[in-house]
Each structure stands twice: as structure tokens, then as C-alpha cells.
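Here the structure is laid out as C-alpha cells; the discussion comes afterwards.
Taken together, the values in this text are just the output of simple stated rules run on the coordinates, not laboratory data. Here the structure is a predicted model, which is why all the values come from computation and not from measurement. Because the Cβ atoms are built from the backbone with ideal geometry, glycine has one as well, and the counts that use them run over all protein chains shown.
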């Protein structure tokens, strides 16, 4: 990397991170080097820097920490070198940067729109500062890839799905019951979150960040707060950081309980659904009673937390109950031949493919991708807690279920450790002003995978751009692979085993 | 099998009493006659459309079907097809990319039908508001009978909203 002669500048914060501004010609060699050394693409976004300058930002991660690259582009020729040949998951991100900012990846094979359907015209770009919010009337006509051959037919599904799920479109090409190809089309719940952050206050932004993906509200709120704190070089009090970890682990437990219930339901084992959801409801009620919100929304704020822990006894009792009940339910599920028959071998993502395409988070760990930000880059209090990472090699529904169980037990252990070691002290460090022309990154291992928030300020210290990145960006394309060769009725089960976010992706 | 039966017996019945209807949730005039509401109220089928939520409201809609709230025990169930539905439940600010899908789903529900807007975004646009990508509250796009505020509304409020929609004004 040194041969590229980049001037790396360290970024403040608990996670090791550095940034560099580079020339267009340096982007591909640098990405290639990081990929060859086992690094991954975390996120890619663009910004309007004013005065006819656009910028492309690329966040990479390797075992040493985060690398953030900035590429400045003149308005006359807003193009940059395609990196989707190196990191395939960049493809949809690059298409989105074009939809939102009109900055294109030169030489990319897929130039179709991604998040833009028909809400705004093709030559209008919402994240440009001169965007005038023109309403488009054009028809929405997306060119899906057609599969041809004798007996091949299509099943279009969505955007409104059959169950209580977020909207998106799945185009299955099938022969008999077997899936030959799945093509996803997302963007239906694009509601302009990125634009909404612009020129709004730091604290409104915290509320908004907590609603990028409701099931990951604490992960987003923490990553957003971390980005602001890192930029302003403010460290929240120890107690606040420990409480944040408590909230994050409770969010992980709640989501794993809910999904394990649905994974039982999707194989017609309704007993599992009822049992896991009873446990989840008890946890949510404890959240409401102790912290004032069932999902802990708005409890993590820039500078610290908005609520203290009134007493630990309720949560300690909850830990005992959860551990006992989940252990019992796990043994029932594992001994149930009908359940295991559906789980084992369904929706397999081999470790090699997972590595090539950048599968991350919980689903990545179930396909031998050993990344967990709490383990690799532990900030307070995770340095003390020493998280044990759960991984598996099989990459099927059964492996994702096993990883969920193990993470659930680990989060229960972490919750006990946090309750035992919670330091005394304040809940909030003052954070009102951000520096001018600042840049901050926050990364948190949410239950689904790593959530990244990037924050930029203008010369006056106002928020000029926030980019929240959901791990679903990396994982949605793998779902298209996981379903191949499986039968259509197994799709809900396979889909639920990933449980990816639509809102967090569509923004 | 023994373990499953033992666990079911040990769990017992968790279901709690249902809440009462709340007139303050009604968004406008009651459009359906009392006789129709009485019929719908005994077996109501709901179609949900997430028109642009953060998925928080969906978490609580799932929760109303857990053993504590047991919405289905009141004869109220979620259905896959709008053709089978009596009530359209809408969450989220309406994204412009979901505007047509929402209108078409409503049109596919046979009359007489009801619409409940669920959550702060559906009631007033919430944190997302109106923008190039968002139409704002649900009533900007389709007529609404009952609104349930909250971010997200708790399961009891959701049940109250649905029960208000199918109850006649006193």
C-alpha cells in the first residue's frame, strides 16, 4: 500500500481508522491490494462538495482497521473507475451513487438504475445541492434479465408481499418448482433519508438514524453518535458506553428470538413460533418498564445515553429465564426430524462464494466469514468483555440457525457481564457543536452485521451529508445465489434465515 | 413429543384481555353502517401494506399475534390477498415508489372496506415528512378511517385502532 504513496491521516475514535485522498488512477490498484490481502468493501457513497466538485468515498476494512478513501471529481466529468470487478457488492452501490448524485463508474457492466424508479427524472439527482425536487411522471419500466428455454417461466412477487414484511420485488425464473434464477429489485421504500439529514440538527439526525431500520435502531443510533463523537473528539462517559452495549445486546437477543420463532413457523412448527415470541414479548416489556421504550428508540444520543438502568435484578432474572427456556427450545428443535429436514442443506452459500461476494455479518459468519466488529475492533466495553465469535462452515439455513442460537447465548452472557461490571458515573458528555469541514465514521456490529455511519460537515460545522450503510447491501445479492436449485416453497424460509433489511437498504 | 407437550402445559394460557375501542382514533366520519360493522367485527380480514416504514411498526404488528395479545383469538386475522381483506392497514410515510402499489392494493379490496393508518409516519409523515421521495401521511394518498399514533404504536394501541375501526360510533 505504501508503494501507492498515499498520505494516510488517522481518524480519531476507538476503532482504528485512517483516511486518504487519492487520484482516480490509484483507486483500482489500492482496492485490488486490499482485496488480495483479505480485506472487504464496507461502503461506497458520494457527496456534493459544492463549487462544482463531487466526491466519491469508499470505506474498506482489513484486519488492521478501516480505510476511508476520498476521490474528488470535477463536475464536467463526474466519473470514477469501476471497482465492482474487484468487489462485486460495489455494483448496486455504484448504481445508487449515479441515481442519487449523477456520478458514474466508468466501465461498469450494469448501468441500470437501482434506487431510482419513477419518483424523479433520470437527469435529476437528489443529493446535488442544486436539486429542485422536480416530480417525474415517467412510467416505471425496469429491464429484468430474461431467462429463456423450454419450460422456463417467471413468477413475479411483490412489491406488496403476502405476509407482514417490507416491500420489494422478486423475479423468479423457474423450471417446475426449481429456481433457475432470482433477480431482486429494491428501492420501493426509498423515502429520501439521506437528503433529510442535510442541514438538519445533530439531534434530529439522531432520531432519523434510529429509524433507518427499526429492528436495528440501537445499532444505527450508536453508529451515528459514534461518527459525531469521533469527529468532535468527544468521548462519552464509561457508564454510557456500557449501557449502549447493554442496549445493543438486548436488540440482538430480541431479533434472534423473533427470527428463530419465524424460522420455526416457516417450517410449520407453530409451537416454536409461540414459544420464542413469548420470550421476545417478555424482553420487550422489560425494555418498556426499565427504559421507557420497547425497542429502545432514542435512548442512545450523541454524547451518551438518555436513560439510566434503574435496577439490574429484573434483567438478571430475565437472563436466567432466557437461558433456561432457549436451551430447552433448542434441544426440541434439534431433535425434531421434520424441522431439521427442512433446515439442513437449504439455501446454501459456500464459504468460497461468501468470500468472493463479500457476505457479512451473521449470515457471513454462518458461511465461515469470521468478521465481528466486537471481536476485531473492540471499543469500550467490548475490550473487557471479550466476545466469543460464533461461526459455522455449512452456510445453509441450519448453520444460520446455529449461529443465531450461539450468538443469543453469548449475548445473554454479555448482558450478565455488563450488569456486573457497569461502572458508576455520568450518562452524557456535552456535544453540541461539530467542527467545520469535518468527517467522522462510526461502526457498530448490529445483530444483522456491521452498521456504518459516515458524517460530513460544511465549513460552518453544519451536517452536510450523512450516509448510513446497512449490511444488507452486501448480503442481498447473496440471497439470489442461496436460492438457486432450491424449490420456490423454500424461499420464505431461506429469506427469513437472512432476514435482510429493505428500509435500511432503500433509504 | 413429550418435551413439547410438557412445555405447552407449563406455558399455560398467556392471553390477556383485549382493549376497548377508542373514539379519539377515528380520523373522520364513520362511513360504514352499524350492521356491516357488526358482521365485519366477528371475522375481520386484514391486508397490511408497508408503504415506507422503517420496519418498526411491522415488529409490533407481529407482536399482536403473539400469545399475550392473540389478535387472531378475536376473529381478526391477516390475509395474503387484498381480495380476501376487509381492512387495509398501512404503515409508513408513503414513499413515492409505493404510491401506485398502495392505490392498487386498496382498489383490489372489495367494498365495504376500512383503512387504518398505523404509526406516526402514517398519521403525519413522522421523521421522514414530505419530500422528493415521500408523499407524507397516508391520507395524502388514500382516504383513512382510523389513525393510530406512536413510534411504533404498542400492540395494545394497534388492537385498539383495529377494534375502533370495526365498532360503531356510540
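With the requirement that a residue be over 17 Å from residue A:252 (Cα atoms) and in contact with a helix residue (DSSP H, G or I) (Cβ under 9 Å, 6 or more places away or on another chain), what does segment A:437-455 give you?
A:438, A:439, A:440, A:441, A:442, A:453, A:454, A:455
When residue B:32 is evaluated against the numbered criteria (1) touching a residue at least 40 places away in the same chain (Cβ under 8 Å); (2) in contact with a helix residue (DSSP H, G or I) (Cβ under 7 Å, 6 or more places away or on another chain), which criterion, by number, is the only one it fails?
With respect to (1) touching a residue at least 40 places away in the same chain (Cβ under 8 Å); (2) in contact with a helix residue (DSSP H, G or I) (Cβ under 7 Å, 6 or more places away or on another chain), residue B:32 is out only on (2).
Take the residues of segment B:104-121 that are crowded, with 20+ Cβ neighbours inside 10 Å and outside any helix (DSSP H, G or I): which is farthest from the chain's Cα centre (by Cα)?
B:109
Suppose we filter B:67, B:21, B:101 for residues that are assigned to a loop (DSSP other than H, G, I, E, B), touching a residue at least 40 places away in the same chain (Cβ under 8 Å) and within 11 Å of chain A (Cβ to nearest Cβ); which single one remains?
B:67
Name the residue that is surrounded by the most Cβ atoms within 10 Å (Cβ to Cβ), counting only residues in segment A:177-207 that are assigned to a helix (DSSP H, G or I), out of contact with any helix residue (DSSP H, G or I) (no Cβ under 8 Å at 6 or more places or on another chain) and at the interface with chain B (Cβ under 8 Å from one of its Cβ atoms).
A:195
Going by the structure shown, is residue B:163 outside any loop (DSSP other than H, G, I, E, B), buried (at least 19 other Cβ atoms within 10 Å of the Cβ) and either at the interface with chain A (Cβ under 9 Å from one of its Cβ atoms) or in contact with a helix residue (DSSP H, G or I) (Cβ under 6 Å, 6 or more places away or on another chain) (or both)?
When the stated conditions are applied, residue B:163 does not pass them.
Kindly indicate the residue of segment A:492-507 that is within 14 Å of another protein chain (Cβ to nearest Cβ) and in a helix (DSSP H, G or I) and also farthest from residue B:57 (Cα to Cα) among those meeting that condition.
Within segment A:492-507, the match that is farthest from residue B:57 (Cα to Cα) is A:492.
Going residue by residue through segment A:124-145, is there one that turns out to be within 13 Å of another protein chain (Cβ to nearest Cβ) and outside any loop (DSSP other than H, G, I, E, B)?
Checking segment A:124-145: not a single residue is within 13 Å of another protein chain (Cβ to nearest Cβ) and outside any loop (DSSP other than H, G, I, E, B).
Those residues that are out of contact with any strand residue (DSSP E or B) (no Cβ under 7 Å at 6 or more places or on another chain) and either at the interface with chain A (Cβ under 7 Å from one of its Cβ atoms) or not in a loop (DSSP other than H, G, I, E, B) (or both), I need them from segment B:70-98; list them, please.
Within segment B:70-98, B:71, B:72, B:73, B:74, B:80, B:83, B:97, B:98 meet the criteria.
Name the residue, out of A:30, A:66, that is surrounded by 16 or more Cβ atoms within 10 Å (Cβ to Cβ) and either under 22 Å from residue A:131 (Cβ atoms) or in contact (Cβ under 8 Å) with a residue 60 or more places away in the chain (or both).
Selected residue: A:66, the only one of A:30, A:66 that is surrounded by 16 or more Cβ atoms within 10 Å (Cβ to Cβ) and either under 22 Å from residue A:131 (Cβ atoms) or in contact (Cβ under 8 Å) with a residue 60 or more places away in the chain (or both).
Scan segment A:5-19 for residues that are surrounded by fewer than 18 Cβ atoms within 10 Å (Cβ to Cβ) and free of Cβ contacts under 8 Å to residues at least 60 places away in the same chain and jot them down.
Within segment A:5-19, A:5, A:7, A:8, A:9, A:10, A:18 qualify.
Give the number of residues within segment B:74-103 that are farther than 14 Å from residue B:142 by Cα and buried (at least 23 other Cβ atoms within 10 Å of the Cβ).
4
Among the numbered criteria (1) under 27 Å from residue B:99 (Cβ atoms); (2) within 11 Å of chain A (Cβ to nearest Cβ), which one does residue B:44 miss?
(2)
Does residue A:224 meet the test of being more than 10 Å from chain B (Cβ to nearest Cβ), under 17 Å from the mean Cα position of the chain (by Cα) and closer than 30 Å to residue A:312 by Cβ?
So residue A:224 fits the description; yes.
So which residues in segment A:158-173 are under 24 Å from residue B:60 (Cα atoms) and crowded, with 16+ Cβ neighbours inside 10 Å, if there are any at all?
A:158, A:159, A:160, A:161, A:164, A:165, A:166, A:167, A:168, A:169
Hey, could you check segment A:275-302 for residues that are in contact (Cβ under 8 Å) with a residue 12 or more places away in the chain and within 30 Å of residue A:340 (Cα to Cα) and say which is surrounded by the fewest Cβ atoms within 10 Å (Cβ to Cβ)?
A:282
Suppose we filter segment A:336-361 for residues that are more than 14 Å from every other protein chain (Cβ to nearest Cβ) and in contact (Cβ under 8 Å) with a residue 60 or more places away in the chain; how many remain?
14
Which of the numbered conditions does residue B:62 fail, given that it passes all the others? Conditions: (1) facing chain A (nearest Cβ under 7 Å); (2) surrounded by 21 or more Cβ atoms within 10 Å (Cβ to Cβ); (3) out of contact with any strand residue (DSSP E or B) (no Cβ under 7 Å at 6 or more places or on another chain).
The number of the failed condition is (2).
Does segment B:48-58 include one or more residues that are outside any loop (DSSP other than H, G, I, E, B), closer than 29 Å to residue B:136 by Cβ and more than 10 Å from chain A (Cβ to nearest Cβ)?
no
Within segment A:208-221, track down each residue that is closer than 18 Å to residue A:440 by Cα and within 11 Å of chain B (Cβ to nearest Cβ).
Passing the criteria: A:208, A:209, A:210, A:220.
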